[in-house]
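Take a look at the structure set out below.
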Amino acid sequence: MEQNVFEEMAKRYDTEERMELAKVVVKEVKKELQDSQSRSLIDYGSGTGLVGLEVADMVASTLLIDSSEQMLEVAKAKITQRGITKADVLHSDFTQGTPDMKADIVLMSLVLLHIPDTRKILQEMYTILHDGGKLIIVDFDKNEEISHPKVHNGFVHEELKETLSDLGFTSTGIKTFHHGKRMFMKKDASMFIASSMK
């Protein structure tokens, strides 16, 4: 019986489009995780683990953090089904306060656009990173065609770079790596990856 509930939920979240997009993101994120076998990763805003669980074998440990318990239930089921031993989930919303924790790498994949105060959340990420830690952000490039009260319409590279630099991050590299049809609020869009060091 319980299995069906998970399947129903997972069916709703892990759509074909989302899974395809996640594959594209995973491929790019893996490049940033070379030689990270001894490092801990937090996937913040992990959802059902479409990205975080696909890179779990490249790091020492993975913690999926999301503000949605249902999403994490789906992720937990995947961890069990796949027998992933080095991954765990945590229900938390850093916009409401950050738990006392540290990580070597923080990944935010298509999360920043949902957070109204991007500066504050990036500050939180800076705080939980160990010195020498890395923040990896995957998100949409600024898209003026998109207007929605709940999401940012993407980000301008230079502005994001400036914010990260203001917060203390160094050597930020940002590049657009994917253009896709109707992938952001049903509009054509492009995604970037940004990597910064603490």
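The values are calculated or read from the model by the stated rules, or taken from the named source; none is laboratory data. Source: prediction; values computed, not measured. Don't worry about glycine lacking a Cβ; one is built from the backbone with ideal geometry, like all the others, and counts go over all protein chains shown. Accessible surface areas use protein heavy atoms only, side chains included; no ligands, DNA or RNA. Shrake-Rupley method; radii C 1.70, N 1.55, O 1.52, S 1.80 Å.
Summary table below
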{"read-out": "Every residue from segment 35-65 that is in contact (Cβ under 8 Å) with a residue 24 or more places away in the chain, among the polar types (S, T, N, Q), in contact with a helix residue (DSSP H, G or I) (Cβ under 9 Å, 6 or more places away or on another chain) and farther than 16 Å from Leu135 by Cβ", "value": "Thr48"}
{"read-out": "Given (1) in contact with a Gly (Cβ under 9 Å, 6 or more places away or on another chain); (2) open to solvent by 30 Å² or more (accessible area, probe 1.4 Å); (3) of a type outside the set (Gly, Ala, Ser), index of the condition His91 fails", "value": "(1)"}
{"read-out": "Residues that are in a loop (DSSP other than H, G, I, E, B) and within 22 Å of Leu33 (Cβ to Cβ), drawn from segment 80-109", "value": "Gly83, Ile84, Thr85, Lys86, Met101, Lys102"}
{"read-out": "Residues within segment 95-140 that are buried (at least 21 other Cβ atoms within 10 Å of the Cβ) and of a type in the set (Phe, Trp, Tyr), tallied", "value": "1"}
{"read-out": "Hits in segment 141-198 (condition: part of a strand (DSSP E or B), aromatic (Phe, Trp, Tyr) and surrounded by 16 or more Cβ atoms within 10 Å (Cβ to Cβ))", "value": "Phe155, Phe184, Phe192"}
{"read-out": "Any pair with Cβ under 8 angstrom, 6 or more apart, that starts in segment 95-119 at a residue that is in contact (Cβ under 8 Å) with a residue 40 or more places away in the chain and over 18 Å from Val24 (Cα atoms) and ends at one that is surrounded by 12 or more Cβ atoms within 10 Å (Cβ to Cβ) and basic (Lys, Arg)", "value": "Asp104/Arg39; Asp104/Lys134; Ile105/Arg39; Ile105/Lys134; Val106/Lys134"}
{"read-out": "Odd one out for Thr85, checked against (1) touching a residue at least 40 places away in the same chain (Cβ under 8 Å); (2) surrounded by fewer than 20 Cβ atoms within 10 Å (Cβ to Cβ); (3) more than 22 Å from Gly154 (Cα to Cα); (4) out of contact with any strand residue (DSSP E or B) (no Cβ under 8 Å at 6 or more places or on another chain)", "value": "(1)"}
{"read-out": "Selection count where residues are more than 14 Å from Leu107 (Cβ to Cβ) and of a type in the set (Val, Ile, Thr), scope segment 34-76", "value": "2"}
{"read-out": "Residues satisfying the stated conditions in segment 56-72, i.e. open to solvent by 40 Å² or more (accessible area, probe 1.4 Å) and either on the phi > 0 side of the Ramachandran plot or touching a Phe, Trp or Tyr at 6+ places or on another chain (Cβ under 7 Å) (or both)", "value": "Met71"}
{"read-out": "Given (1) over 23 Å from Ser195 (Cα atoms); (2) open to solvent by 40 Å² or more (accessible area, probe 1.4 Å); (3) not in a strand (DSSP E or B), index of the condition Ala77 fails", "value": "(2)"}
